[in-house]
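The structure appears right after this line, and notes come after that.
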Amino acid sequence: MKKRRPLDTIIAELNYEESGVPSREVPCALIMNNGRKVLNAWEWMNLRRPEILDFYRNEVFGASPAMPETMSYEILNVKNDALDGRAIRKEIRISFFHQGSCRSWVMLLYIPKDAKGKVPVTVGLNFRGNHTTTAESDVIMTGKKCDGELVEDQRAAQCERWEFARIIDRGFASATVCYHDIFPDFATEEAWEQSIYGLLFPEKSPEELNEKFSAIGAWSWGLSRMLDVLSSEDKIDCSKVMVTGHSRLGKTALWAGANDPRFGVVVSNDSGHGGAALFRRCLGENIEVLVTNFPHWFVSGFDKYAGKDADLKFDQNFLLSLIAPRMLCIGSATEDLWADPKGEFLAGVHASEVYRLFGAEGMPAASHPAADVNVTGEISYHMRTGAHNILWQDWDHYLSAAETVFGRK
Ligand code: GCU
C-alpha cells in the first residue's frame, strides 16, 4: 500500500470558491505529442485520437480486459405485460467462462411493447442492484458484495433514478446491470478476485492487476458486453444506442464511449473529477482524494498526478474529445460543487475544438448557462437545480438530445 495523507486533511484543504481557481490555460487536445497541431478530422481520427486513447489506457483507466474464452447469454424470463402493459421485460444472464471458471451478471431489459419497428436503447449500470431500479417486485435481486450479501435489499430504492415507464413512453428500450456484479466497488483483494480480471488472470495479485487495469475499465467494458447481447434482440436498433451513467458511473460512461464507437450518444451525469470536470480548476474533489478514497477506480500509476492538478499536461477535455463527433451530453446539478459544474461545462467547451474539425459546433454556448436551461448541440449541457443525483429532468434532456440524432418516436 502506498502511504497517503489522511483523507480528512486532504478534504479540509479543498477549494469551493471561483476566486480560488488558479488561472491556467486548458491544454489543446489538437496538439500532437510531437508538437504539431492536427489540421483535419482524418488526422484527428488517425493520429491524435489514438495518442490520447493510449494515454488514458496507460495512465488513467487502464487497458480493456481481453475477451474470456467464452461469452454466452441465457434469457431467464420474459414478462409480456410489464410496467402496466407498456413493456416487455426480460432478464438475461450474461456469462463468461475462462479456464474452467465463470462470472455472470443479470441484465434487466425493458422494451416498448407497442413499438412499430426497431427502437433505440439506453444502456447503463446501476449502483444497488436491478431490483432497486424498478417497483416491479418480481425482478431478480442482483448486486452482490464480495461476501455474497446483497449491496441493497430494499426493492425500488433507486426508482427515481430509473423511470423506465417514462423512458418506454419516449420510445426507448432500456437495459441495466448492477456494477458490483462486474467489479465489486471495494478497494479490496476480494473485489479484484471476484471481478472480471480475477476470471481472466487468477494467478495475478491485485497489485499486479492494478498496474494495468481498473474498476472503471471493467465497468465500461461491461457496458460494451451488454450491447453485444442487445444486438441479438430483434426489436432493438443497435445503431441507436445511448450510454448513460451517473457520478462514478458517469466517468464510466465517458470511458465506455471513448472505447466503443457503437455508443452514438454518451451521457455524463454529475461525473465530476475523473469524468467531465477539468482538474486544473481545483474546485471540489481532486486527484489526491480520488486515489486515496478509490484507488481501484484508476490504474495505480495515476496517483503520480496527485497534487499536480493545476499543471497537468492533459485535462478532461481530452477525454471528452474522444467522443467526437458523436453526441455528448453533460449534466450537472447546482448543489454538486464537489463535481464542479462549471468545470464540467468548460471541459465541453474546450472539447468543441475537436468537434469543429468535423464541421460540427460542439457546445452551443460559451458561458455557463443558468440553472435549468438546456443547451442542446452535438455537445449538450444543463445544470439541474438541486443535489447530486440523476432525476427525470436530467433524463428528459438526454432523451431529447438523443432524439435529435436518432429521430423521434
Ligand atoms: C464520490 C466520489 C466522486 C464520485 C461519487 C459517486 O463522491 O468522490 O468522484 O463521482 O462518489 O460516484 O457517487
Hydrodynamic radius by Kirkwood for segment 206-339, inverse mean 1/r across distinct Cα pairs, in Å, is 15.4 Å
To the nearest 0.05, how large is the calculated FRET efficiency for SER239 and PHE358 if R₀ is 30 Å and r is the Cβ-Cβ distance?
0.95
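Per Stokes-Einstein, at 25 °C and 0.890 mPa s, what whole-number D in µm² s⁻¹ belongs to segment 49-128, with the Kirkwood radius over Cα pairs as the hydrodynamic radius?
Details: Rh = 15.9 Å.
Once the numbers are plugged in, D ends up at 154 µm²/s.
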With bins of 5 Å, the percent of all Cα-Cα pairs of segment 328-409 per bin from 0 is 3, 16, 26, 24, 18, 9, 3, 0
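Beyond 11 Å, how much of the Cα-Cα pair distribution for segment 37-77 remains, as a whole percent? Provide the component values of the computation, followed by the final result.
On the way: 601 of 820 pairs.
Within segment 37-77, distances greater than 11 Å cover 73 percent of Cα pairs.
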Would you mind getting me the FRET efficiency between SER19 and ARG93? Use the beta-carbon distance for r and R0 = 45 Å, nearest 0.05.
0.25
Separation in nanometres of the label points that stand 7 Å from Cα toward Cβ, at TRP392 and ALA63
4.6 nm
When all Cα-Cα pair distances of the chain are considered, the percent exceeding 34 Å is 26 percent
For segment 303-360, report the % of Cα-Cα distances exceeding 19 Å.
39 percent
If I model segment 36-185 as equal point scatterers sitting on the Cα atoms and use the Debye formula, what is log10 I(q)/I(0) at q = 0.18 Å⁻¹?
-1.05
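Every read-out reported here was derived from the displayed coordinates using simple, explicitly stated rules and does not represent laboratory data. Since we're looking at a predicted model, the values are computed, not measured. Here the Cβ is made from the backbone with ideal geometry for all residues, glycine too, and neighbour counts use every protein chain on show.
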